[in-house]
Amino acid sequence: MDWDQFPHDVEQRLGQLANEMGQGGVEREDPARSVMAMLGDRWSPLILLVLETGEWRHAELRRVTAQLSAEQAISQRIMTLKLRALERDGFVNRHATDDVPPKVSYLLTPLGLELVKGLRGMITWLNDHRDTILAAREEFDREA
């Protein structure tokens, strides 16, 4: 992009932003993009928050997330896909016993615990600014 078309201070800030974005990666699978997308989906943040409380078996985790969510219950397939994605990124450990049938449970990794800490910080910020956000929405909707 030709940065010369912008005022110098804007050009400088846009260049810095481009560098920051490049450090996090520009590909769809780069963590800066894929993990942020995961945090924006319907179920993953709730799954992470529940797993913060301890180790959970698949069916129990599914039942608890359904009780805590304002959404309809998560399907077994979607729960499995979300858990696999969280495991793939190193946020969740899957533990299977040698029993027949095997008992499978899930637990946050240290990396997952760090992620939840950041997620809780975002939730706290959103709750602290809830009234301001709702007022902005009302004003926007009135003018739209």
> Okay, helix-only estimate at 222 nm for the chain: each DSSP H run of n ≥ 4 adds -39500 (n - 2.57), divide by all residues, round to 500 deg cm²/dmol; what do you get?
Replying inline: -20000 deg cm²/dmol
> If you add up the charges near ALA136, with Lys and Arg at +1 and Asp and Glu at -1, over every other residue whose beta carbon is less than 15 angstrom from its beta carbon, what do you get?
Replying inline: -3
> For the stretch 84-95, in order, what is each residue's ³J(HN,Hα) by Karplus, 6.51 cos²θ - 1.76 cosθ + 1.60 with θ = phi - 60°, in whole Hz (x at glycine and Pro)?
Replying inline: 5, 5, 5, 5, 4, 7, x, 8, 10, 9, 9, 10
> Counting other Cβ atoms within 10 Å, which trypsin sites (Lys or Arg not before Pro) in the stretch 102-144 have at most 14 and lie in a DSSP loop?
Replying inline: LYS103
> Within a Cβ distance under 15 Å of ARG42, other residues only, what is the Lys/Arg minus Asp/Glu net charge?
Replying inline: +1
> Using θ = phi - 60° and the Karplus form 6.51 cos²θ - 1.76 cosθ + 1.60, what ³J(HN,Hα) does each residue of the stretch 103-112 get, whole Hz, x for Gly and Pro?
Replying inline: 9, 10, 9, 10, 8, 5, 7, x, 5, x
>> Would the chain count as rounded, prolate or oblate if I go by the C-alpha gyration tensor, calling it rounded below 1.5 in a/c and otherwise prolate when a/b exceeds b/c, oblate otherwise?
In response: oblate
> Pick from PRO101, PRO45, PRO31: which is most flexible by mean-square fluctuation in a GNM of the chain where alpha carbon atoms under 10 Å apart are linked?
Replying inline: PRO101
>> Can you pull out the GluC sites (Glu not before Pro) in the stretch 1-91 whose DSSP state is coil and whose Cβ has at most 12 other Cβ atoms within 10 Å?
In response: GLU27, GLU29, GLU71
> To the nearest 20 debye, what is the magnitude of the charge dipole of the chain about its Cα centre, counting +1 on the Cβ of each Lys and Arg and -1 on the Cβ of each Asp and Glu?
Replying inline: 920
> Residue-wise, which Karplus ³J(HN,Hα) couplings in Hz belong to the stretch 123-140, taking 6.51 cos²θ - 1.76 cosθ + 1.60, θ = phi - 60°, and x for glycine or proline?
Replying inline: 4, 4, 4, 4, 5, 5, 10, 4, 4, 5, 5, 5, 5, 5, 5, 4, 4, 4
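Every read-out reported here was derived from the displayed coordinates using simple, explicitly stated rules and does not represent laboratory data. Owing to the predicted nature of the structure, the values given are computational and were not obtained by experimental measurement. As a convention, Cβ positions derive from the backbone with ideal geometry for all residues, glycine included, and neighbour counts pool all protein chains shown.
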